[in-house]
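Reviewing the structure listed below.
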Amino acid sequence: MNALAPMPNFADTLTNVSLPAVQRDLRAFVAERDWAQFHSPENLAKSISIEAAELLEEFQWGEPRDDDGVRDELADVLTYCLLLAERLGVDPLEIVRDKLAKTREKYPVEKARGRSA
């Protein structure tokens with residue numbers, strides 16, 4: 001798998017994955033280790049940034065040689081994002097959709113299509 005290639009049937013994969021089930025698994029993992037005490041919003045935000053830097057490092061010198069490394073680092077970023085959303089009491093899918101609506105307004109298709117800025 002090329003890390004930069006889109007995942008085949010991504011939409012189909014999402015329908016087979018339950019976000020609540022993943023969140024339950026994360027809660028159980030954290031509880032088993034008594035790590036919630038360390039999960040302040042500040043610490044979780046720091047962890048997101050640290051893991052995002054590790055993801056970026058996979059691309060430091062061009063195409064990553066290790067697709068598994070990219071997947072692992074991306075999973076770490078997403079894990080900390082889900083933990084932070086839970087700690088803040090927000091629904092991660094709802095806030096993504098809310099932000100997408102704002103971004104659609106800010107960058108209407110007729111002005112933004114094919115432009116990076």
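Quick look at the numbers
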item	result
Dipole of the chain, positive direction: furthest Cα of VAL17, SER47, GLY114, with charges on the beta-carbon	GLY114
Between helix 92-106 and the chain: long-axis angle, C-alpha atoms, 0 to 90°, nearest 10	30
Estimated FRET transfer efficiency when R0 is 41 angstrom, pair ALA53-ARG104 (beta carbons, to 0.05)	0.90
Over the chain: helical MRE at 222 nm, DSSP H runs n ≥ 4 each giving -39500 (n - 2.57), nearest 500	-21500 deg cm²/dmol
Peptides ranked, highest mean first, by Cβ atoms within 10 Å: ranges 25-37, 100-112, 74-86	74-86, 25-37, 100-112
Relative contact order (%) - the chain, alpha-carbon pairs under 8 angstrom, separation at least six	28
Coarse-grained scattering of the chain at q = 0.13, 0.19, 0.21, 0.22 Å⁻¹, given as base-10 log I(q)/I(0) from a Debye sum over alpha-carbon atoms	-0.71, -1.29, -1.33, -1.33
Fraction in percent of alpha-carbon pairs per bin - 10 Å, segment 12-75	18, 34, 37, 11
With Cα atoms, 0 to 90° folded angle of helix 67-88 axis to the chain main axis	70
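No lab work stands behind these numbers, since they all come straight from the coordinates. Computed from a predicted structure; not experimentally measured. Virtual Cβ from ideal backbone geometry, glycine too; neighbours counted across all protein chains shown.
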